[in-house]
Each structure stands twice: as structure tokens, then as C-alpha cells.
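One structure coming up, written as C-alpha cells, with questions to follow.
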Amino acid sequence: MLNGTVENIAKNTLIYSFVLSQPFALYAGAYPIIQNKTLLEAEHLEYGDHGESVRILQYKLNELSYYEDRIDGELGVLTEHALKKFQRDHDITISGQADKETIIALIEVEIERHIKRLENLSDSVYPGQRSEDVKIVQESLQYFGYYEGEIDGIYGPLTKKAVELAEEKHDIDFLDEAPQQSLNTLYTSEIQQTAQASVQPKEKSTIKNVSVTANSSSFIQTAYAYVGTPYVWGGTSPSGFDCSGFLQYVHSVHGVTIPRTVSDIWNFGSPVNSLSVGDLVFFETYKPGPSHAGIYVGNGQFIHAGLDGVEVSNMGDAYWQQRYLGAKRIAG
């Protein structure tokens, strides 16, 4: 269920056409895939807007304890205030508007909440049990698309099937040990879907032969060696990297120590006027300032740990071109 885009998942669900024809109240907590798709397609909501997207926005803010008023589909003062509280807590520009950055952050926080619920309840539910804990597990499994039954708190055949399906899909044991690394895998899968649904798809850049200097060749070769390594939130090793973890690891292989975060690496490096192979290139993505970075490999390309894993991308692609901040050089 997690191996496709939000749209493909929704359209392959038997109840897809039924859901789209029903009032929001009938599926507010039951069909998050469609909720997320609808909200992402809205792209920008502000004071005075109304409709289904605003209802979903209010519902999510309510679930995260930011909004306590009636879910009426009207983005008024109280909804605007809830958005500002959420933005303040998550270091997003406080505007009271649901821009794309805020919407993606809202979905990410919601995903993380469900992951933590599964982790915390991993040892407290079992087949045949009737409890509030089972209900919470059903809600979270339903959020990820595995449980399609009633949220009744009964660990029956449908709940068991959902657990087994999730375990099989991700090679994990949710409700026995629920190892954190495995839950991170599920978290990453959901974040990838969110990102894929939020931007126009682009063709992956092919890796071209590039000419490199003697000083940079081994460094670039090290970076290329990890192409295909999966993206892992907070990852700093060949089992999984985030963008700054990848940069830090490749530099460490060559005896160079750099800071852990993108913003600190930006401040640590020296500005360059003309790009050379091995320089670090920085982009402004999900928040103001440098928030993503990679290694320049020549021919207008850079290697980085993106949401699809370590890959080579083209700086000329519209997405990267619009977000490029500059380059820095690390003294080796």
C-alpha cells in the first residue's frame, strides 16, 4: 500500500469513487490518503477560504491539539490562530496561511504521531483483546492504509490481517518488538509519498562521465559508491543517509570533519565564485535558508541524499534551479 504515489493508491482503492461522493464527516478519520492528496492539491489556503480542503486542515489541526473549534470548512480567525501556533512550534514562517511548506509539515507531524503510537503500544495489544489501545492501533494502521475495518477496539481477524500485511510489506514486527529502525523505514516511506505528491515529478538525471581533478577524484568516487543508498531521517551511515549525514560521512572517509547540519555546514565552508568538482552546493527547500545540500560532480550535476535515496540530480532542473543558494568549499 505504501509503494506508489498518493493518487495511485487512492484510485486503486475499491471505495475511492464512493468516498469522493460522500460528506466529509463520513471519512474524516478513515481515509487519510485521500485527505492528504486533497490538502496537497489545495497548495495554499488563507483567511476567508472555505470548502473541503479547509475541513481537512481543521481536522488535522484538531487531531494535533491546535484547533478546538467546530470543523466547519471556513478558514476564520480561530483556524488562522491555530495555523500560527503550529507554524511557531515547527519553525515555519508565521503567516496564519496554509502554504505548501506548512501543509507538508502538518502531514509529516501527523505521520510521526502515528508511528510513535504504534511504537508505544507494541507490547500492549494481542489477538482477542478489546481495549482502547487496540482502537488506537487500528486508527494508526488505518492511517497507513492497512486496516479497512471499523475502529471498534477489537483485535479480531481484520486487525490481525492488517498487522500481518504491514509486517510483510516492511519486513518488521510491529506488535511484538516494533524496532525503531523498522518504524523509521515506514516513516520514510510515508514522507516520500508526501514529497512526491507535493511537487511535479521530474525525470531522474542519468549519471554522466565527468572529468575530475586529481585532488577530487577519490572524493567523488567515494560519493558515487553510495548511489542507491536509501534515505533515512537522521541517517549518518551506509545503511541510510539524510542529506547532511551523507556529506558528513563522505568527508569523514577522507579524514575531513564537517558539522552535522546543513546550516552549520553552510557557515563552515568558504564561499566560491566559480564551481569546481567537489564543492558543496546548497538549496533552500522546506524552510528559509540552506536546508539541503549535495556535492557538485561537474556538468551541472550534483550528488546528494534525496528522498529517493542517494542520487545524481541536475542543477538545471526547475525545482533545483529556483532553490539554489550558492556553493561552499571545504578545506581538506
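Assuming R0 = 25 Å, can you tell me the calculated FRET efficiency for the pair Glu164 and Glu63, based on Cβ-Cβ distance, to the nearest 0.05?
Taking R0 as 25 Å, the efficiency between Glu164 and Glu63 is 0.40.
What pairs in Lys85/Lys328; Lys37/Lys287; Lys60/Lys160; Lys85/Lys116; Lys37/Lys84 have C-alpha atoms more than 24 Å from each other?
Over 24 Å Cα-Cα: Lys85/Lys328; Lys60/Lys160.
While we're here: Quick check: Cα centre of the range 83-136 to Cα centre of the range 299-316, how many Å?
30 Å
If you stretched the chain out fully between Gln129 and Lys116, how much longer would it get, using 0.36 nm times the residue separation minus the C-alpha to C-alpha distance?
Gain in length upon complete extension: 2.6 nm.
Moving on. If I model a spin label as a point 7 Å beyond the Cα along the Cα-Cβ vector, how far apart are those points for Thr257 and Asp152 in nm?
6.0 nm
Separate question: Indicate the gyration tensor shape class of the range 214-329 (rounded, prolate or oblate), computed on the Cα atoms with a ≥ b ≥ c the square roots of the eigenvalues: a/c under 1.5 is rounded; otherwise a/b larger than b/c is prolate and the rest oblate.
Rounded shape, in that the Cα axes give a/c under 1.5.
Please find the FRET efficiency linking Arg70 to Ala318, where r is the Cβ-Cβ separation and R0 is fixed at 45 Å, and quote it to the nearest 0.05.
0.65
Bear in mind that the values in this text are calculations on the coordinates, not laboratory data. Computed from a predicted structure; not experimentally measured. No Cβ is skipped: glycine too gets one built from the backbone with ideal geometry, and neighbour counts run over all protein chains shown.
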